[in-house]
Every structure is written in structure tokens, then in C-alpha cells.
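Take a look at the structure set out below.
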DNA sequence: CGACTTATTCCAGGCCTTAAAGTAGGGGGG
DNA sequence: CCCCCCTACTTTAAGGCCTGGAATAAGTCG
């Protein structure tokens, strides 16, 4: 994943170390030989690097491969107890905070529901801080062993000095979330858009694994995407690439909550689907964001007997197909992953029809090369993705030990299942 | 531009050499110090690399910077006589073949018009070969000094073993153009989509210069784009990324020549504009592709007095704005460059209105960060872009001399304007 | 012409990866 | 139970690369 800026011979080592660590991290127990093949290094160098990584407690040898006559190969894995990370999902209806070990197994979680229409940034910060303190306490992890916090938010995130959030749907305008959190938490903080963290989670552990060019769609109240290009999350100039929900699918069409006309979100967002259903039923009851999930499920369930439900879903499938086709034409991905609670609910029942609709709108060649699949990871994927942020930074840096940090980790024993 | 796969200490040198050469190539005369700063190398190393590059005739010192007391800095430039490249533009109405020196100054050109609706691949190959032979003869360049040929085609290009072209608009299905050309020409051949070559030309020398994230739009009979992401052309999984023309802007809208409904091309392509104008005028005369340019120019000229012309252009502006807004939302570029003969003609007169329409459809934040500008380079940009293909390959490889090649170039003298 | 200033080159030093040679750690046969 | 075989891992010597500082080159200015 890194883009090495190697100029000196020491950067070379850093780069090789980082690449080796990426392989071990992402591709699970691996022999030294496999690492060598994957990274393009001689056995001697791999050995050399591994010695250092083991000494620092970043990597551990877990068991041996079966041998057929010779010395068995040792299996290397990331040391789950090297440190811990926290992932935060600031959703439109709830806060989810989870604590993971370095192998990204969850150790503790904390949820707080806020069926919000507009949320005060200070309140949000309090929720987050409370959640973080709760998971640290709940897991019993030494706070000094926490490597960082990754916060996923709905809305655009600009990465300048500190991350600034523009979250139209929650009424945030240029909220300096990172700075606000930094004032209250003494941990490295990283903030990113929720679709991007979801995408990174699906890329590392889910349905987008192994692809170098993928688009992960996050469909819920809004519609965002994470574009994986050449194996990395594509951000664009100011980190707001992938704003699919406000792509125009009908020039002069329905007015979207963003103010523009004909946005995809105004046709396939959860609010739009529910509203359209009510319209067909001539009903007009206010629906809070928290209720939407149940309502949509009811519509999907009712589709065989309820003409309005069937029609709404037909329309949804068509617009969603067109939207996905646009992604296929523009990005030419190997795979499109449909995620988010709405995305997963729709694909459970309607994926073949969505694919067909996409095929009607996409060019034959790129469409013939793409797989459209449902997301693998569940609802927690956004928080898991948040947790990947500090990890990605660390692994890219090769988990270099800044002495004093190394000291605190040395000597931690590790159970080896072999 | 390269993505270094450095593992050994020799790869390091290759990588540094390539990066230094890229800087000298793209950023014109540069002092050794500037190269050092740009690439992140010490003066000693730059000097060392430059000695090698000069000895091989890749780089030359052209003049000195003014000094104010000390030894003047030498100015380094790529040696234009290091070799020559040929760019071919297979357009929908003509073939254009141009020969350039290593500094990409044009030395000779050859045009052949073919107002084609469907073109036989073998005929196309003959046109190309004829053009290549003509420019070589016309320029008097030794054929052995030609480094390669880059061919730009309308349509999707898959890069497998050899490039295969899927050019719907010219009736090509999986035409193995690269292999066909290789059989008749003994030169390195590279084939790519015309929008991508145009984009690379604009990125190197035109309106997209200096940006790391840009979208270059090629608007003519069809509508393609070149997406520059992190400074490089983005290709996607099978190299067909950027197919903007068949993005859906009106679900259930006009039928496009690709068979789908509501494609952008069916609203803003030259054929669509002309047809719509005729429809408003209740005229129905067949228009050949070659006539389109004149017709469109007439419509643009007539817009003040002719209500139908005004209406057609209004519609075009709106749809084009929506299409550009989609690009802005999805790619978050620093700059959108509008090129192609139609794109340039429209932006000459209507760019402010196009921007405004894009602003109505795009999200505020990414729109506030983007510049929408007209292309800088003229009609030959596609062929120029073709010529950049072999150069890009060479420069990325650091122009390493495979002995026998080096031998033939050594000793060529070079005029130094200093 | 000489002093001064700044660019470029030379050189010793410190790292890095590799190939080759040695060492470690199991299996299997007598 | 010991010894040989096989394969994985480590050690070591060699060859390369970049850097900082010293030395040299090439102008300007008085």
C-alpha cells in the first residue's frame, strides 16, 4: 500500500520493512519464504527484517508448517498484543466505539444511540470521548498501549493541518473535529469519511479483499463510496472523492436534501425510498432516521403482495443500477461491493436485478469485467474501518520503534498456538 | 510518475535516476540543485547521475544561469536528439501521424482524411503504416533512432499481451491493433485510448500541468475523459476507466448509439447536438461526421438570433454541467480541463455558463476546490499524447542504455543555445 | 590579477541487499 | 538410539548506493 519515496539506502530498508509487514499483516500467517516472494526479497533479508520485527514485538512466530523431510517453516503473524486501536463510527443514528487488538480482533465496544437530525459538535465529541473511555475501561487495556483512534464520520473530511468535517446531513460546517478531540484525548487521532473506512475494512478483510481496483458502496440514509485504485483508497485533491450520492441521475429530477436536482441519493437513499412509498400510499407521517431501517425492511418484505412496495423497489433497482453503471464506466473496477445497512438489505433480495439494471446502463466491456457483490462485513464495518486508519499509518511506517515506545512493549509474552 | 518497486540498492539507483530524468524532462531546463530539491537527493548524487545521463546522451547542459558572484549553475535539459517518437491519432474523421524529437518538438506530420462510418481494421493499419513511413521519410530521421510509436484510438483499449481495441463508434470489436501493427512495423508500439493520450499531453504540457488530480474531458462526437490521479493516468482494472460519455444523466432518457438510455453522449455529443437542432427546426438531413464541426460552429454562432440554437445550447450547457459535476463529486479533482474540438468550441463561448451549471449540480465543497478550464493544446494534442506513450515508458525506465542502443547514440553533437 | 563566492566533484564512511557457505531442526532408516 | 538426509534459517564477505565534508572549478568584482 505505501508509495515509497526511497532515495537513500536507509529508506530502502524502511520501505522493505514496511512492505514485509504489510504482507504479514494482511495475509495472515505467512512463512518467511512467502514474504520473500511477495515482497521480492532474498531469504537472508527477510530473515534479517523478521529478527528486528520480532525483537520489537511487532511480529511473532506462531507454530510451524508441516514438513516433509526438512526443517519446518516457521509461520509469521502480526503480534496481536503489540498494541491496541480504537475505531469510532459516528453514524447518523448512533455512535459506535470499538477497541481492537493489533490483529483487529474486537476487545470491547460501546454504543450510544442519538436519533439526531442535527447534532452539536461538542455533544458529538463528548459522546466519542465517553465511548473511548468506556471501551478502555471495559477492556482493561493499559491506555499507554493504545496506538491511535480512527474516527469515521458521515460527510466530507478535508485533511489539512487537522481534519475538518463538512457533514451536511448532520448540520456540520467545517467542524474541526480532530482538533476538538485532540484537546480532550491524548492519543493519535485520525478522522475520515465513513464510506472510506468501510471500504478499507472491506478491502482488508471483506468482499473487496485481493482486488486492486474496487468500488465499495455505502448505502444507507446517504450514498457514499470508497474507491480503491491500485490497491489504495483514492482521495482526490481534498480527500472528498467518491461522493456518489450527489451524482446526477436525472437532470431536472427530484430535489435532493443537498439542494440540487436529480441526485442519486434522492432516488435510492433510505429516506427517499420511504418517502416515495408513502407518496404512493398517499400517507404522510414523519419518519425519524432511527425508524427508517425497520420501514425499509417492511417494504422489502411486502413486495410480493403490495403493489406500491413492488413499484418503489423496481424504481430503486433501476436508479441504483444506473448509479452503479456510472461507477463501472468511470472507474472500471474489478469488483463493486454493495454495503451499508440499506445496501445489504437490498442486495439480500434484489442483487440479481440490480446487476441486470447496471448491465443495461453500463458499457459491455467494463461490465463484463466486473463482479457486483454484497459486502461481507456486518454493521460494525465502519468502526472496524476506523480502526484501520491508525494501523495503516503505523504499518506504512514499518512500525518503527521510537525507543521509549519499544521499551514499554518489550517483554510482553505471547501465546503461540503452535 | 513511476511507482518504484525498490528492493535492492541497484533498484534504488534506477529509481532515483528515473525520477531525476522525469523532472528534467517535464520541468524544462533545471539546475542540478533544483533537481536535487525536487527529487530529494544530495548534490553529490545528482551530479553523479547527471554525469551518467550526459555520457549516454540523454541529458545535455544548455547554457548557464546568471551568477551573482559565484560559479554559475548549469542548466540541464533533455537532449532533443537523443531519439525520436511518433504519435498517431486515429480519429473518427481522419488519421494524423506526427514525428517528434525527444523534446517533443514536432518534426514532421502526415494527415489522411477518412470520413468513415465503419472502418476496416486492415485499412486503418495501412493508413497508419503509410503515415509512419511518410513522416520518417519527410523528416529525414534515421529509422533506427526512432524510440517508439504511440497510437491513440477512439474506443476502449485493453492491455493484455498486446493491446486490443474495442471501438464501438468505428465498428471495431476486439481488434488486435497492436499485433497487426507489429507485423508491419519493426518499432515498439503502444496503443491507448485517445482521451487518455490527450489527457497525458495536457498534463505534461497543457492546462493540466502541475496538477496531481485532474480530469481532462475529450468532447467531440463522443465524450471520454482522462483521469489523472496522484499524477498518473488512472486506468482501472482493464484500462477502460474514464468512460464518461456513457454515464447516465437521465434514467429512461434518450437512446444512445450504445443502446443504453440517457447516456451523457446522447445529450452533449456533437451528433446529439446537431440532431436536436434539426429536430427543433423540423429538418432531417443526414449529416456525415466530417460535416459536424462546421454545423456545430454554425449553431454556436447563431445563438443570439436563432431561438432553436439558443435552446440547444442551453440544454447542452445544462447536461454538460451535470456531467462535469459528476466528475467533480466522484474524483474531487483540482482541475477539470475541457478539450476536444467540441469541448474547445463550447468553452470558447460558454465556459462561464458551463461552470455555473456544474456548480448547480456539484457539492459545494469539491466544487469550491476545482477550476474548470479550457484545454491549452490544439487539435494535435491527441497525436502529441500518443507520442508521450513511448516516452513515458522510456523515462520511467530511466532511459537505461541497453549497450548496443547506447552505442548508436553516443557522439551525436548537440547545439547548446547558451 | 587576486580575493571572493558559489557550483560541482571527489572521497571516506555507513548502510543495505545478496550470494554462498554454514548451522539448525525435523524425519526416517538401520 | 544413532546417523544421514533434507530443508529452513543465519552468518559472512562482497558489491553498491547515498551522504557529508573537503577539494576543485568557474565565474564576479574591485
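Derivation of every value follows stated rules applied to the coordinates shown; laboratory data play no part. In this text the structure is predicted, and so the values were computed from the model without any measurement. Cβ atoms come from the backbone with ideal geometry, glycine included; neighbour counts cover every protein chain shown.
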For A:190-200, A:369-379, ranked highest to lowest by mean beta-carbon neighbours within 10 Å, the order is A:190-200, A:369-379
One would report the Cα pair-distance distribution of the range A:122-269, bin width 5 Å, in %, as 2, 9, 16, 18, 18, 16, 12, 6, 2, 1, 0, 0
For the range B:1-132 (alpha-carbon point model, no solvent) the Debye-based log₁₀ I(q)/I(0) at q = 0.14, 0.16, 0.17, 0.19 Å⁻¹ works out to -0.75, -0.84, -0.89, -1.00
Each label sits 7 Å from Cα toward the beta-carbon; between residue B:291 and residue A:37 the label points are separated, in nm, by 6.3 nm
Sorted shortest first, the nm distances from the residue A:159 label point (7 Å along Cα→Cβ) to its counterparts in the other copies are 2.5
Taking every residue of A:10-19, the Cβ atoms of other protein chains inside 10 Å of its Cβ average out to 2
Expressed as a whole number, the average count of other chain Cβ atoms within 10 Å around the Cβ atoms of B:31-44 is 1
Scoring the range B:1-84 by relative contact order with C-alpha pairs under 8 Å, at least six apart, yields a percentage of 27 percent
Computed over chain A, the relative contact order (Cα-Cα under 8 Å, seq sep at least six) in percent reads 18 percent
Taking every residue of A:362-372, the Cβ atoms of other protein chains inside 10 Å of its Cβ average out to 5
Taking the label point 7 Å from Cα along the Cα-Cβ vector, the copy-to-copy distances for residue A:72, listed from shortest in nm with one decimal, are 7.3
So, in nm and shortest first, the distances from residue A:278 to its counterparts in the other copies, with label points 7 Å along Cα→Cβ, work out as 4.8
In Å, the Kirkwood estimate of hydrodynamic radius for the range A:243-369 over Cα pairs equals 15.0 Å
Mean Cβ-within-10 Å packing, highest first, puts peptides B:294-301, A:51-58 in the order A:51-58, B:294-301
Rounded to the nearest 5, the percent of antiparallel DSSP beta bridges in the protein assembly as shown equals 65 percent
By the Kirkwood definition, with r running over pairs of different Cα atoms, the protein assembly as shown has a hydrodynamic radius in Å of 28.9 Å
Most packed first (mean Cβ within 10 Å per residue), the peptides A:92-100, B:60-68 order as A:92-100, B:60-68
If each part is reduced to its alpha-carbon centroid, the range B:80-122 and the range A:5-75 end up apart, in Å, by 49 Å
Note: probe point = Cα of residue A:397 + 7 Å toward Cβ; backbone nitrogen < 17 Å; residues of the range A:33-77 passing the test are A:53, A:56-59
